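Novice: Dropping the structure in here first, questions after.
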């Protein structure tokens with residue numbers, strides 16, 4: 001008989017229920033003064049109630065939006081739950097956002113208040129707040145210094161907010177009236193048209209995801225005292241659901257990593273049982289491990305080769321019983337050592353946000369670390385499917401659909417999804433909503449098929465978005481539009497799918513070339529300076545790091561432009577793909 005999560009009416013009730021059950025047991029951990037310090041479930045519940053009460057006292061009402069700008073830390077989740085407990089809607093924002101990005105989100109969401117963590121994050125935010133017509137409250141978690149007039153927005157401090165007189169029981173009772181259909185948060189994600197669109201995620205959408213994740217852990221691995229290490233941006237739907245609310249559902253502990261640089265040491269210290277990760281991390285760890293073992297040489301290299309070889313045979317159904325003694329030796333030596341580097345008790349590492357190269361997944365399986373690749377998008381909560389041992393893990397697939405999730409393949413091969421996990425629409429954007437929602441079905445923009453075991457195989461992408469290796473979505477049209485604003489560049493195509501950053505192919509403006517007498521070295525330098533200047537107006541993930549110059553303009557004659565003057569990316573990639581890829585090797 002399969003184990004299922006209780007059917008909660010909303011995320012707030014789920015949290016208060018777990019807090020009541022767990023009491024004074026540790027919940028949220030952060031490193032302070034070089035020591036891990038915890039906040040208990042009961043203390044977190046009190047702080048959540050305080051946040052809710054404070055927002056009410058500021059005059060916020062049910063349905064009002066509150067923006068949240070913070071790095072991953074215990075206060076992030078407490079603020080998120082407190083906003084929801086007040087009946088308000090969380091609007092998470094990336095810590096990499098520029099002032100212009102913040103202006104768009106504040107203006108589009110009409111957020112009435114914003115919670116910001118640090119001085120550094122307040123710097124690009126406050127100018128945007130000053131121009132937002134509806135935002136009148138700035139709540140800082142840490143101390144911030146600002147020269148801005150308090151007449152525009154009132155400043156408050158987290159310590160005031162979380163030390164007010166709040167009644168946990170009152171908010172727990174009130175929360176029972178929130179429905180699964182109510183909007184929990186608005187997560188802004190890049191669209192093909194450029195401006196980020198606000199995905200309205202309702203409570204049931206996230207709960208549907210959480211219930212599906214619990215189903216996998218409970219029935220494929222066993223549900224115990226789970227420990228998570230949070231390091232992906234909590235403002236991203238993947239971490240928001242998988243790294244924050246999923247642990248709440250499990251009654252798990254969440255440790256917040258200090259930084260990416262300290263992640264390896266944090267893993268050894270925390271000893272997580274479940275990790276929510278992106279493929280780029282695996283690629284980095286694999287490269288580091290290969291380099292270390294290569295230096296050791298001899299026996300270490302031999303054991304690694306045998307581990308990968310044996311796992312490859314096992315994966316392809318060709319395992320040789322004669323390899324059993326070596327397989328046992330590997331478990332006592334190499335795999336044991338690698339597992340200890342990951343804390344020694346990893347049940348599953350779940351990869352999502354971008355495609356995982358099968359060879360990378362196979363490598364970690366060979367090291368004895370269970371690897372599950374998932375698939376989804378912000379519009380689906382985000383999890384649609386995930387590999388699971390009971391269905392047979394195949395690295396070239398993204399696994400079967402989650403429980404209570406319906407998937408069909410349209411006539412043109414597009415993957416369509418139906419269920420409670422599907423968003424209600426984009427905030428104040430009926431045109432884009434109508435484009436991706438057809439009745440109850442979400443059109444994912446991805447092309448693929450279902451294999452013989454109902455696992456999803458993705459073969460192509462219809463939607464014109466670049467997904468960087470850490471899972472960030474970038475609208476190429478937006479960046480290309482900005483690149484061609486100046487007089488130096490006539491046409492541009494950016495490139496970077498599954499890569500760490502963007503690079504570009506540019507066609508110089510003929511007049512700009514003429515001004516330099518056809519001296520292409522001078523033209524190249526001029527374009528470089530222009531791109532450097534334009535990068536200042538782009539967010540971190542949108543910045544163009546390197547570029548090459550095209551051999552000729554994009555035209556309909558060379559099939560690089562459509563009759564409606566849109567660039568044909570696949571055609572351009574056929575000609576320039578190798579040269580663009582080479583930019584990452586410099």
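Novice: Considering 106, 81, which residue is closer than 21 Å to residue 539 by Cα, in contact with a helix residue (DSSP H, G or I) (Cβ under 7 Å, 6 or more places away or on another chain), in contact (Cβ under 8 Å) with a residue 24 or more places away in the chain and not assigned by TED's automatic domain parsing to the domain that holds residue 536?
Specialist: 106
Novice: Taking residue 207 and the conditions (1) modelled with pLDDT under 95; (2) more than 20 Å from residue 97 (Cβ to Cβ); (3) more than 14 Å from the chain's Cα centre (by Cα), which numbered condition does it fall short on, given that it satisfies the others?
Specialist: (1)
Novice: Need a quick list: strands (runs of 3 or more DSSP E) entirely within region 1-87 having at least 3 residues that are closer than 27 Å to residue 188 by Cα.
Specialist: The qualifying strands (runs of 3 or more DSSP E) are 65-69.
Novice: Listed residues 51, 69; which is more than 21 Å from residue 131 (Cα to Cα) and touching a strand residue (DSSP E or B) at 6+ places or on another chain (Cβ under 9 Å)?
Specialist: Selected residue: 51, the only one of 51, 69 that is more than 21 Å from residue 131 (Cα to Cα) and touching a strand residue (DSSP E or B) at 6+ places or on another chain (Cβ under 9 Å).
Novice: So, in region 468-507, how many residues would count as being in a strand (DSSP E or B) and more than 16 Å from residue 96 (Cβ to Cβ)?
Specialist: Number of matching residues: 12.
Novice: Would you be able to tell me the number of residues in region 204-235 that are closer than 20 Å to residue 282 by Cβ and either outside any helix (DSSP H, G or I) or in the same structural domain as residue 97 (by TED's automatic domain parsing) (or both)?
Specialist: The qualifying residues number 7.
Novice: Considering every residue within region 463-473, establish whether at least one is surrounded by fewer than 16 Cβ atoms within 10 Å (Cβ to Cβ) and either under 20 Å from residue 554 (Cβ atoms) or modelled with pLDDT of 90 or more (or both).
Specialist: yes
Novice: May I pose another question? Could you tell me which residue of region 439-456 is nearest to residue 105 (Cα to Cα), considering only residues that are exposed (fewer than 15 other Cβ atoms within 10 Å of the Cβ) and in contact with a strand residue (DSSP E or B) (Cβ under 8 Å, 6 or more places away or on another chain)?
Specialist: Looking at the filtered set, the residue picked out is 440.
Novice: Determine whether residue 354 is within 30 Å of residue 474 (Cβ to Cβ) and in contact with a helix residue (DSSP H, G or I) (Cβ under 9 Å, 6 or more places away or on another chain).
Specialist: It is true that residue 354 is within 30 Å of residue 474 (Cβ to Cβ) and in contact with a helix residue (DSSP H, G or I) (Cβ under 9 Å, 6 or more places away or on another chain).
Novice: Where residues in region 400-414 are modelled with pLDDT of 95 or more and in contact with a strand residue (DSSP E or B) (Cβ under 9 Å, 6 or more places away or on another chain), which of them is surrounded by the most Cβ atoms within 10 Å (Cβ to Cβ)?
Specialist: 402
Novice: Please determine, by comparing only the residues of region 507-527 that are touching a helix residue (DSSP H, G or I) at 6+ places or on another chain (Cβ under 6 Å) and within 16 Å of residue 491 (Cα to Cα), which one is surrounded by the fewest Cβ atoms within 10 Å (Cβ to Cβ).
Specialist: Across region 507-527, the extreme among qualifying residues is 513.
Novice: A follow-up question, please. What's the number of the condition residue 249 fails, among (1) assigned to a helix (DSSP H, G or I); (2) in contact (Cβ under 8 Å) with a residue 60 or more places away in the chain; (3) more than 19 Å from residue 78 (Cβ to Cβ); (4) out of contact with any strand residue (DSSP E or B) (no Cβ under 7 Å at 6 or more places or on another chain)?
Specialist: (3)
Novice: Something else now. Find the residue count for region 377-399, including only residues that are touching a strand residue (DSSP E or B) at 6+ places or on another chain (Cβ under 8 Å) and on the phi < 0 side of the Ramachandran plot.
Specialist: Residues in region 377-399 being touching a strand residue (DSSP E or B) at 6+ places or on another chain (Cβ under 8 Å) and on the phi < 0 side of the Ramachandran plot: 16 in total.
Novice: Considering only residues that are at pLDDT below 95 and more than 8 Å from the chain's Cα centre (by Cα), look in region 224-238 and name the one that is surrounded by the most Cβ atoms within 10 Å (Cβ to Cβ).
Specialist: Of everything passing the filter in region 224-238, 231 is surrounded by the most Cβ atoms within 10 Å (Cβ to Cβ).
Residue-by-condition table, conditions (1) in contact (Cβ under 8 Å) with a residue 12 or more places away in the chain; (2) within 20 Å of residue 215 (Cα to Cα); (3) over 20 Å from the mean Cα position of the chain (by Cα):
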residue: 365; (1), (2), (3): yes, no, yes
residue: 368; (1), (2), (3): yes, no, yes
residue: 372; (1), (2), (3): yes, yes, no
residue: 378; (1), (2), (3): yes, no, no
residue: 406; (1), (2), (3): yes, yes, yes
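Novice: Within region 144-165, is even one residue part of a loop (DSSP other than H, G, I, E, B), at pLDDT below 95 and under 23 Å from residue 189 (Cβ atoms)?
Specialist: The answer is no, given that none of the residues of region 144-165 is part of a loop (DSSP other than H, G, I, E, B), at pLDDT below 95 and under 23 Å from residue 189 (Cβ atoms).
The values are calculated or read from the model by the stated rules, or taken from the named source; none is laboratory data. Here the structure is a predicted model, which means the values were calculated and not measured. Here the Cβ is made from the backbone with ideal geometry for all residues, glycine too, and neighbour counts use every protein chain on show.
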